[in-house]
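For reference, the structure discussed in these notes is given below.
The values are calculated or read from the model by the stated rules, or taken from the named source; none is laboratory data. This structure is a prediction, so every number in the text was calculated from the model and none was measured. Cβ atoms come from the backbone with ideal geometry, glycine included; neighbour counts cover every protein chain shown.
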Amino acid sequence: MNYKHPSQIERYQIHSLMKAQHNITQIAQLLGRDKSTISRELRRNAGCRGYRAKQACELACKRSESSRNASTVAPWVKEQASALLRLQWSPEQVANCLPVSHETLYQYVYADKTQGGTLWKNLRCQKQKRKRYASGLDRRGQILNRWPLSERPAHIEGRKQVGHWECDPVIGANHKQAIVTVVERKSGYAVIAKVSNKTAGLLSQAIIKALTPFEARVKTLAYYSGKRVPRTCVD
């Protein structure tokens, strides 16, 4: 589960619940948050006079702004952070001891890596480099020689001629079964077919079967779906 910072409203709720003598466990239950989230919020955003909502929001905002650019971190903070990271401390642990967010530390570590540094080797979790194919372009499910709608004749948009159809598959639960609706643009006449699986082959068969009785009145067909049935016009 990804960690999500408390919102401004939640910070005021935390402040009010603390004044009402609720403990961390009770506050977490009332807000539907994890106990560690409340504990971290109190530890990081409390001031000399304890936890106050307005001050907590200001501290969190300043920390967020500083995390956008690792170069804004004071040199002494970087020096101590680097020493702790080399001792195998996680950025989250370092952030609990120094005035810097763990997001900023990650940015600092990867900026150091691009400059030939080795801080990244001390991170406990290393991201696996994914093998990329086709120069990073995702070509799965692409249909070759398709005709984009931008090239469809302008007179079709006027809905003045019968024979131009639009198809829209509706995927069922668990992305298994599907219903294919095919509508004639001018008349609004529709035919519906059901397929047991959303594969391109089954969808194509269902569309052909549904339109066969109207073959003489099929001039173009536009598909509206993802990669398997892209937005395309065919004669």
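Scanning the range 49-73 for residues that are at pLDDT 80 or above and part of a loop (DSSP other than H, G, I, E, B) yields ARG49, TYR51, ARG52. Within the range 209-222, residues that are at positive phi reach no partner that is acidic (Asp, Glu) with beta carbons closer than 7 Å at six or more positions or on different chains.
Among residues of the range 1-30 being among the aliphatic types (A, V, I, L, M), surrounded by 16 or more Cβ atoms within 10 Å (Cβ to Cβ) and over 25 Å from VAL94 (Cβ atoms), the one that is modelled with the lowest pLDDT is MET18.
Find all pairs meeting these conditions: Cβ atoms under 8 angstrom apart; at least six residues apart or on different chains; first residue within the range 92-103 and closer than 13 Å to ARG124 by Cβ and part of a helix (DSSP H, G or I); second residue at pLDDT 85 or above and among the hydroxyl-bearing types (Ser, Thr, Tyr). Between residues of the range 92-103 that are closer than 13 Å to ARG124 by Cβ and part of a helix (DSSP H, G or I) and residues that are at pLDDT 85 or above and among the hydroxyl-bearing types (Ser, Thr, Tyr), the close pairs are HIS102/SER90. Listed conditions (1) at pLDDT 60 or above; (2) assigned to a loop (DSSP other than H, G, I, E, B) are all met by VAL182, apart from (2).
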